[in-house]
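The values are calculated or read from the model by the stated rules, or taken from the named source; none is laboratory data. Computed from a prediction, not measured in an experiment: that's the story for all the values here. Counting neighbours? That spans all protein chains shown, and the Cβs are built from the backbone with ideal geometry, glycine included. With ligands, DNA and RNA removed, areas are computed over all heavy atoms of the protein, side chains included. Shrake-Rupley method; radii C 1.70, N 1.55, O 1.52, S 1.80 Å.
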Amino acid sequence: MKTVRLFFILSLVFFLFSSYGFAEDEKEVKKVNINTATVEELVGLPGIGNKIANRIIEYREKNGNFKIIEEIMNVKGIGKKKFKKIKGQITVGDETTPIRATPSSTK
């Protein structure tokens, strides 16, 4: 009887730990909106340091919001290789926080 109880407890512990591992794999990655992100948020992306994060913000301020994520490759220091690393973690839409309203000239 003790052997059965021990087997049951070990099976339960194994199940709990294996389920926890699967739950970790299923976590949804929160994307960084490159149109609203701060330096701190951008630095959290792989291969993006303070220098490139500041360049992204400068580009955004000079040229307006990014229309598509590929446009980030216009920023000095972000080429195809770096873009490939971050493309699944960035967005220009509302997947994180809404795009801040900016004054626009309407005709």
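What tally of residues in the range 29-66 results from selecting those that are within 18 Å of Gly93 (Cβ to Cβ), part of a loop (DSSP other than H, G, I, E, B) and open to solvent by 20 Å² or more (accessible area, probe 1.4 Å)?
The total comes to 6.
Scanning for something out of contact with any Asp or Glu (no Cβ under 8 Å at 6 or more places or on another chain), hydroxyl-bearing (Ser, Thr, Tyr), on the phi < 0 side of the Ramachandran plot and modelled with pLDDT under 95, does the range 50-72 turn up at least one residue?
No, because not a single residue in the range 50-72 is out of contact with any Asp or Glu (no Cβ under 8 Å at 6 or more places or on another chain), hydroxyl-bearing (Ser, Thr, Tyr), on the phi < 0 side of the Ramachandran plot and modelled with pLDDT under 95.
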